[in-house]
Structure formats: C-alpha cells, structure tokens
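Following: one structure in structure tokens, then a few remarks.
The values are calculated or read from the model by the stated rules, or taken from the named source; none is laboratory data. Treat the numbers as computed from the prediction; the structure is a model and nothing was measured. All Cβ positions, glycine included, derive from the backbone under ideal geometry; neighbour counts span all protein chains shown. The protein model used for the area step is the full one, side chains on, heavy atoms only, and it has no ligands, DNA or RNA in it. Shrake-Rupley method; radii C 1.70, N 1.55, O 1.52, S 1.80 Å.
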Amino acid sequence: MSRSELVNFMAEDAGLTKADAARALEALEKGVKAGLKESGKVTITGFCTFATKQKEATTGRNPKTGETVQIAARTAVTIKAGSKLKEALN
C-alpha cells in the first residue's frame with residue numbers, strides 16, 4: 001500500500017477529508033520521529049513498538065570494486081509488531 005492509498009483508506013474509514021487524513025498521517029510521522037529522538041522508543045500498544053539501536057562503525061566491501069570502505073556509526077530504527085497486529089496477520 002502506498003502513502004496515497006493509505007491516506008485514501010484513512011479518509012474513508014474515519015470519515016475525514018483526504019486533506020485531514022494526510023495531515024493526521026503527517027502528525028503521526030512527526031510524533032514518532034520526535035519520540036525516537038527524545039526517548040529512543042515509541043509504543044503504540046497492540047500495534048507496534050519503534051525503538052532506536054546504536055550500530056557501531058564497521059568495515060565493509062564495495063561489491064563492484066572489492067575495495068574496503070568504512071561504514072560510519074549510526075542510529076538505526078527497529079520495529080517490533082504488537083500482539084493485535086500479529087493476530088490480524090495470522
């Protein structure tokens with residue numbers, strides 16, 4: 001499902017205009033980003049948990065040339081499905 005399809009679904013399901021649904025989706029995105037920056041974890045009970053994980057710097061290899069390259073340390077995001085989401089899919 002693409003972003004526009006999700007906005008259309010949200011608008012129909014919640015009885016919103018597409019513009020309101022798009023603003024609601026954007027607010028959710030901003031809230032998750034802010035929560036991850038602030039505390040490193042955002043939980044939507046039953047749906048999913050977003051968390052940050054620190055990745056250390058490592059050495060990789062360019063597959064095209066075989067040359068070794070340094071991969072910088074970074075913060076990655078992990079997403080763990082909640083119980084209601086798992087039940088809906090199984």
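For the chain, what does -39500 (n - 2.57) per DSSP helix run (n ≥ 4), summed and divided by total residues, give at 222 nm, in deg cm²/dmol to the nearest 500?
Computed mean residue ellipticity for the chain: -14500 deg cm²/dmol.
Label-to-label distance for N62 and N90 is 4.5 nm, based on points extended 7 Å past Cα in the beta-carbon direction.
Here the chain was treated as a single set of alpha-carbon atoms; its pair distances binned every 10 Å from 0 give 14, 27, 31, 18, 9, 1 percent. If only the Cβ of Lys and Arg carry +1 and only the Cβ of Asp and Glu carry -1, the dipole of the chain around its Cα centre is close to 420 debye.
Computed over neighbours whose Cβ is under 11 Å from that of M10, the net charge equals -1, Lys and Arg +1, Asp and Glu -1. When the charge dipole of the chain is built from unit charges on Cβ atoms (+1 for Lys and Arg, -1 for Asp and Glu) and taken about the Cα centre, the candidate among S83, A11, T59 whose Cα reaches farthest toward its positive end is T59. Compared with the dominant Cα axis of the chain, that is its longest principal axis, helix 18-39 is turned about 40°. Pairs of lysine residues in the chain that meet both criteria, 8 or more places apart or on different chains and Cα atoms under 25 Å apart, total 27.
When the Gaussian network model of the chain links Cα atoms closer than 10 Å, the mean-square fluctuations of K64, K33, K53 top out at K64.
To the nearest ten degrees, helix 3-14 and the longest principal axis of the Cα atoms of the chain are 30 degrees apart.
Solvent-accessible surface of protein heavy atoms, probed at 1.4 angstrom with all chains present, puts T75, T49 in the order T75, T49, largest first. For the set R74, R61, solvent exposure ranked by accessible area (probe 1.4 Å, protein chains only) runs largest to smallest as R61, R74.
Please state, as a whole number in µm²/s, the translational diffusion coefficient that the Stokes-Einstein equation yields for the stretch 8-59 at 37 °C and 0.692 mPa s, with Rh defined as the Kirkwood radius across alpha carbon pairs. The diffusion coefficient I find is 252 µm²/s.
Treating r as the C-beta distance of L16 and R74 and R0 as 35 Å, the FRET efficiency rounds to 0.45. Considering only G66, G46, G35, the mean-square fluctuation computed in a Gaussian network model of the chain, springs between alpha carbons under 10 angstrom, is largest for G66. The Cβ shell under 15 Å around V42 holds other residues with a net charge of +4, Lys and Arg each +1, Asp and Glu each -1.
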